[in-house]
There are 2 protein chains.
Amino acid sequence: MLMQKSHAFEHAETTNETVLAGQSLSSLFFASVAESYPAGKAICREGDEAKHLFQIVEGVVRLHRIIGDGRRVITAFHFAGDLIGASLPSDFLFTAEAVTDCKIRRVSRKSFHDDVARSDTLHPAYISLLCHEMTAAHEQMVLLSKKNAEERLCSFILKLASRSSPLSAQGLLRVPMNRQDIADHLGLTIETVSRTITKLASRKIVIPEGRHDLQIVNLARLAQLSGDADDFSEKSCHRVSLH
Amino acid sequence: MLMQKSHAFEHAETTNETVLAGQSLSSLFFASVAESYPAGKAICREGDEAKHLFQIVEGVVRLHRIIGDGRRVITAFHFAGDLIGASLPSDFLFTAEAVTDCKIRRVSRKSFHDDVARSDTLHPAYISLLCHEMTAAHEQMVLLSKKNAEERLCSFILKLASRSSPLSAQGLLRVPMNRQDIADHLGLTIETVSRTITKLASRKIVIPEGRHDLQIVNLARLAQLSGDADDFSEKSCHRVSLH
DNA sequence: CGTTAACTTGACTTCGTTCAAGCGGAGTGG
DNA sequence: CCACTCCGCTTGAACGAAGTCAAGTTAACG
């Protein structure tokens, strides 16, 4: 029941550096036994003392914060191979919950840091991991700050696709989280997420297959619409340098 | 002209840990000579190879990214004592520009990391710094994701106030950046920033004195309006735990 | 004291939210 | 196997907060 095949590092494209970082750091988790979390179960809670770090062996996890009244912000989703809690000084800044059924390994924060400090390979791997998380946070700020609903959705779908295994067969993308999770991650409402997907579908850019799968028809168009201007084709180059 | 009084660590309230972190890491910059940057000048540019880390001796710096067409996101402001570029793997993820005239020290990335790795006190300080940056990034995501214009402005003013020296005399807060900078940091337009400040002024919560100073009249109210629910007074506690 | 850039204010538009109703598929029980 | 129910999602219509466009106003600087 636990330990299974451990297909922990099959995410497709991130930087070499990052993949290496993940791999070497995971060695610290091999000794631990993977625990099962059913979908919806909390792994750790915002404000709890961060005694442990977690590694996802299997499944998808969401990290969220809740402010004031019920407003929820999902700061990140994490997938098989990812560590949770690496960038925490003392307390958890977020609640982590299983989106799907998960298998998760756990090590104590202290032993993790001791091991990292002791090793010449683990240490840069750890730094690299933190920097990568920082990069993701910046991307998310840009998304939340300047992108409209369509750009947000396209960015999200692209990021999901880039993490998934080779887009299983002919471009069918698994979307493990529900609409509310997506909305809370993109700073939108569930209705806007739904409408935007419908709009993308009507334009034959993606085709929804049930609630949790997307046929990606036009990846290039998706990239254009994400607002990241990876190509400088269209009206992309009007930056007015004021100094 | 360089080196002056070096009032580098006068920010008021962050965690002890963080202040210590800043202090010990700054020892690495003492050997360098402080260079002057006039307001508006770029310190480093997004995409450049990150050969150096910077420490602000004096002045205020903005970090920004530009996406697609001219849309600019200011991911953070930094003040005297802060390091710039600590959370970067290889390339700069942002452009850093002087908001006010600045004095800045610079060390090579390599020597910085060598020194940090070599020292038992510097290393945790560095980790702590990264974690603190991550926390700030999370806060910003929450702000951009769920707060309205008024909450954003109040949060911003509060954060500024908490960084400033003891709120110079009777609550007069220096706001070094212009309206456009504030707008680009809060994910608003310049007009909305202006209107919102006017509204806060009409309610006697702050009183603007010129373009770059704010008399803070009602700090408590400001905190309430920031939407962070530090107090659980009003309608704050309706979180529906679904599991 | 005059010029100019930065800021404020007003009128109108827009995109996303809100509120409300309808749809559909997975699970349950007859 | 079908009918029923429930929940997650979609769709529609009305609303509203912030954006846009266009004047004014202010204050910073020479």
Per the list (1) more than 23 Å from residue B:62 (Cβ to Cβ); (2) within 16 Å of DNA strand D (Cβ to nearest atom), residue check on residue B:116 breaks on (2)
Can you pull out the residues in segment A:178-189 that are near DNA strand D (Cβ under 8 Å from one of its atoms) and either more than 13 Å from chain B (Cβ to nearest Cβ) or touching a helix residue (DSSP H, G or I) at 6+ places or on another chain (Cβ under 8 Å) (or both)?
A:179, A:180
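Considering only strands (runs of 3 or more DSSP E) fully contained in segment A:70-161, which possess at least 1 residues that are buried (at least 18 other Cβ atoms within 10 Å of the Cβ) and among the small types (Gly, Ala, Ser)? Spell out the reasoning first.
Numbers: elements: A:71-78, A:95-98, A:102-108.
Result: A:71-78, A:95-98.
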Residue A:127 fails exactly one of (1) within 16 Å of DNA strand D (Cβ to nearest atom); (2) among the β-branched types (Val, Ile, Thr); (3) out of contact with any Lys or Arg (no Cβ under 6 Å at 6 or more places or on another chain), namely (1)
Any idea how many residues of segment B:41-68 are within 27 Å of residue A:227 (Cα to Cα) and within 11 Å of another protein chain (Cβ to nearest Cβ)?
10
Residues located in segment B:208-223, provided they are at negative phi and either without any contact (Cβ under 8 Å) to a residue 40 or more places away in the chain or near DNA strand C (Cβ under 8 Å from one of its atoms) (or both)
B:208, B:209, B:211, B:212, B:218, B:220, B:221
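Can you pull out every residue in segment A:111-145 that is more than 20 Å from the chain's Cα centre (by Cα) and within 16 Å of DNA strand C (Cβ to nearest atom)? Talk me through it step by step, then tell me what you get.
Step one: filter segment A:111-145 for residues more than 20 Å from the chain's Cα centre (by Cα), giving A:111-124.
Within segment A:111-145, no residue meets the criteria.
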Surrounded by fewer than 19 Cβ atoms within 10 Å (Cβ to Cβ), more than 24 Å from residue B:71 (Cα to Cα), more than 9 Å from DNA strand C (Cβ to nearest atom) and within 14 Å of chain B (Cβ to nearest Cβ) - does that describe any residue in segment A:190-207?
no
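Here, each number is a calculation from the coordinates, and none is a lab measurement. Just so it is clear, the structure is predicted and the values come from calculations on it, not from any experiment. A quick note on method: Cβ atoms are made from the backbone with ideal geometry, for glycine too, and the neighbour counts reach across all protein chains shown.
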